[in-house]
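Below you'll find the structure, written out as structure tokens, and then a few comments.
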Amino acid sequence: MTPPTTGHAVSLRGLTKVFGGQTVVDALDLDVDSGEFFSLLGPSGCGKTTTLRMIAGFSDPTAGQVLVGGEDVTSTPPHRRDVNTVFQSYALFEHLDVRRNVGFGLRRKGIDKGEIDQRVGEMLELVELGDRVRDRPAQLSGGQRQRVALARALINRPKVLLLDEPLAALDLKLRHAMQAELKSIQREVGITFLFVTHDQDEALSMSDRVAIMNGGVIEQCGTPEDVYENPTSVFAAGFIGTSNLMPGVYASGTVAVTSDLRIPVPGHTTSVDGDQVSVAIRPEKIWMSDFTPAMVQTPGTIVSTSYHGATTQYLVSVGTGITLTVLEQNLPRMRADDRWNAGDRVEIGWLPEHAVVLR
Amino acid sequence: MARAKKLERKPLVAVVVTVLFFAWLYVPIFAVALFSFNDKKSLSAFSGFSTRWYVDFFHNEALLESLRASLLIALVSAVGSLVLGTMLAFGLERVRSRRGRVVGAITLLPLVTPEIVTGVAALLVFTGAGLKLGLDTVILAEITFSIAYVTVIVRGRLASFPLEVEEAARDLGCTPWQSLRLVTLPALVPALIASGLLVFALVFDDFVLAFFTTGVDPQPLPVRIYSSIRFGVSPAINAVGTLMLLVSALLIVAALMLPRLFKSRSSSLDLITGGERR
Ligand SMILES: Nc1ncnc2c1ncn2[C@@H]1O[C@H](COP(=O)(O)OP(=O)(O)O)[C@@H](O)[C@H]1O
Ligand SMILES: [Mg+2]
């Protein structure tokens, strides 16, 4: 519909919220580009909803600014901000039917009836609710209510659409279907989505960029691949996917994890010898066979084996107190009795660039 | 068949007690209704069916004047306590503070205060303030008394109404006033109607407060009935009583039924929220 304009749809400048002495959002700086699908990912209670509420105008920041489309709206009331919200609880108007729920915002803008009817019709087609126009929200299923909430916000073509865990209340199967659908709707309408979730899979699979939030601050911001492959903090590495985290001491291009195990970390330049750091290696980046010459190898002992259908997960002890999780694909050529068992001596290896230093 | 069997199995004692209880409750009322159709003046022997006492009533200018007065009192009290009680409910529900909780408790006080105490107190205040007793003092007292009912009912509904829905309205372009008018009040309509009907019914046949706070003329209907009984009970009073009973019962049943009606067939809401309709 509206072509994506260049520039930032939303910018936060030192945005802070304090509730009774507790800093819930701490000097947040963030730029969301126009037309982008941007996710705020973080555990429950990290301040995601509070951040969205300040952007929408329901909550006054303790300090800092909110810019929408480059314009400072920090003291603009919600009804005059070019922002719409899909609430976590959907917050539908139960006394109005689907058609009037969706047309609510346009009616407030004083748009004439003919155009409202046409746009409501189009929007309901888009979210596949064309046959439920006259129904009350109470007559709809959870997934349908979710679509009404989405349509009701989207129809106003805001500069940015805020979505607060919109899929959290749906069951797993429906959630996966809606993830794909939401993403395709976003591409079709070209509106900036600021999407809040605590589900890392959801954030990784849907977003153009992800910001990982923890304790009111953004720990890391980047493309899904970037934040997954190159986590920059212990929290980010642990929150997205699983990671083998090993504390150690940095010394001339390696991290000494134990006296026997020194992990090479080529390309890492920001530490000096003697720094206390952590090394993270993803379980699926560790191999137990088919080694290449470039790989770092070390011997270990299988502690346990667990079968997960498509994968097998091993716990491998590689020295006193160091147990690594290794995830191996169950390839077609592998037989059940090819799997390692507890007590087996094995060799494990990984490419040096997959060992990421965290500070 | 199955149902009849179930009934049979009920212990006899429970059935007897229940029947006696309802008899105790309703036999006097039934007697009043019955004798209002008696064709003789007697209040002990029913000699034949007639509607003469109803005709009597509708020709008794004094009683009719009292009926009009009572209807007016009930209507104005219902509207007045609806406005004030709703405002109070919003205040208590939306401004949460320690003081608010105390005020909330005080609000309920009229519900447990003996009405006669409220009546005497109202009389003392009105005469102390030099007010001339009349319909307006009755209305004032009745409103004071009924605000609590409205507040309790409306507040209950308001408490279960998510704030996020109001925020959604503001998100979609409503000023706070518009979101109140277009979203919050429509959600409260069943509670408003129910409490309005309830107050109307309670005030319409209220005797105690009216007795203490009314002037000489016109007297509210219950007070008029009371004073005329002192000169001997006329079957016309039975007719009036039966009519009042009917009106109150209908209103209370309506007040109890309406919220349920709104839930099951929410389309009837359209009649009331026509504002949002085009
Ligand atoms: N109105 C409020 N008053 C006091 N504390 C609040 C309020 N709203 C949120 N909080 C606190 O702020 C923190 C972050 O909440 P929230 O933004 O809802 O987290 P999230 O959406 O990431 O789960 C929580 O600890 C919560 O208890
Ligand atoms: Mg939240």
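The values are calculated or read from the model by the stated rules, or taken from the named source; none is laboratory data. Bear in mind that the values here come from a model prediction, so they are computed numbers and not experimental data. Neighbour counts are summed over all protein chains in view; Cβ atoms, including those assigned to glycine, are modelled from backbone coordinates with ideal geometry.
Table for the structure above
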read-out: Some residue of region A:135-156 being part of a helix (DSSP H, G or I), surrounded by 22 or more Cβ atoms within 10 Å (Cβ to Cβ), within 16 Å of ligand 2 (Cβ to nearest atom) and of a type in the set (A, V, I, L, M); value: yes
read-out: Residue match in region A:100-108 (condition: modelled with pLDDT of 95 or more and within 16 Å of ligand 1 (Cβ to nearest atom)); value: no
read-out: Subset of region B:210-222 (residues that are surrounded by fewer than 23 Cβ atoms within 10 Å (Cβ to Cβ) and assigned to a helix (DSSP H, G or I)); value: B:211, B:212, B:222
read-out: Residue within region A:58-66 that is within 23 Å of the chain's Cα centre (by Cα) and in the same structural domain as residue A:224 (by TED's automatic domain parsing) present; value: yes
read-out: Residue list for region A:5-21, filter: within 16 Å of ligand 2 (Cβ to nearest atom) and surrounded by fewer than 21 Cβ atoms within 10 Å (Cβ to Cβ); value: A:19
read-out: So residue A:194, is it within 25 Å of residue A:68 (Cβ to Cβ) and either buried (at least 16 other Cβ atoms within 10 Å of the Cβ) or modelled with pLDDT of 95 or more (or both); value: yes
read-out: Test for residue A:56: is it surrounded by 19 or more Cβ atoms within 10 Å (Cβ to Cβ) and within 13 Å of ligand 1 (Cβ to nearest atom); value: yes
read-out: Residue in region A:177-190 that is in a helix (DSSP H, G or I), at pLDDT 90 or above and closer than 20 Å to residue A:28 by Cα present; value: no
read-out: From the options A:97, A:82, residue that is touching a strand residue (DSSP E or B) at 6+ places or on another chain (Cβ under 8 Å) and either away from ligand 2 (no atom under 16 Å from the Cβ) or assigned by TED's automatic domain parsing to the domain that holds residue A:132 (or both); value: A:82
read-out: Number of positions in region A:35-48 that are within 16 Å of ligand 2 (Cβ to nearest atom) and surrounded by fewer than 21 Cβ atoms within 10 Å (Cβ to Cβ); value: 3
read-out: Only listed residue being surrounded by fewer than 21 Cβ atoms within 10 Å (Cβ to Cβ) and either in contact (Cβ under 8 Å) with a residue 60 or more places away in the chain or outside the structural domain of residue A:66 (by TED's automatic domain parsing) (or both), chosen from A:251, A:237, A:203, A:177; value: A:251
read-out: One residue from A:91, A:138 being touching a helix residue (DSSP H, G or I) at 6+ places or on another chain (Cβ under 6 Å), of a type in the set (A, V, I, L, M, F, W, C) and within 12 Å of chain B (Cβ to nearest Cβ); value: A:91
read-out: Matching option when the condition is away from ligand 2 (no atom under 15 Å from the Cβ) and either within 14 Å of chain B (Cβ to nearest Cβ) or modelled with pLDDT of 95 or more (or both), among A:32, A:24; value: A:32
read-out: Residue match in region A:121-132 (condition: surrounded by fewer than 16 Cβ atoms within 10 Å (Cβ to Cβ), facing chain B (nearest Cβ under 10 Å) and assigned to a helix (DSSP H, G or I)); value: no
read-out: Evaluation of residue B:160 against (1) of a type outside the set (Lys, Arg); (2) buried (at least 18 other Cβ atoms within 10 Å of the Cβ); (3) more than 9 Å from chain A (Cβ to nearest Cβ) (one fails), failing number; value: (2)
read-out: Within region A:94-106, tally of residues that are among the small types (Gly, Ala, Ser) and either over 30 Å from the mean Cα position of the chain (by Cα) or more than 9 Å from chain B (Cβ to nearest Cβ) (or both); value: 1
read-out: Selected residue (only one of A:47, A:69, A:35 is within 12 Å of ligand 1 (Cβ to nearest atom), under 26 Å from the mean Cα position of the chain (by Cα), in contact (Cβ under 8 Å) with a residue 60 or more places away in the chain and at positive phi); value: A:47
read-out: Any hit, region A:154-168, residues being closer than 25 Å to residue A:51 by Cα and more than 14 Å from chain B (Cβ to nearest Cβ); value: yes
read-out: Complete set of residues in region B:88-140 that are farther than 17 Å from residue B:209 by Cβ, crowded, with 17+ Cβ neighbours inside 10 Å and hydroxyl-bearing (Ser, Thr, Tyr); value: B:107
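Listed here are the residues, each with its yes/no results for (1) under 20 Å from residue A:109 (Cβ atoms); (2) away from chain A (no Cβ under 14 Å); (3) in a helix (DSSP H, G or I).
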{"residue": "B:169", "(1), (2), (3)": "yes, no, yes"}
{"residue": "B:180", "(1), (2), (3)": "yes, no, yes"}
{"residue": "B:189", "(1), (2), (3)": "no, no, yes"}
{"residue": "B:194", "(1), (2), (3)": "no, yes, yes"}
{"residue": "B:197", "(1), (2), (3)": "no, yes, yes"}
{"residue": "B:206", "(1), (2), (3)": "no, yes, no"}
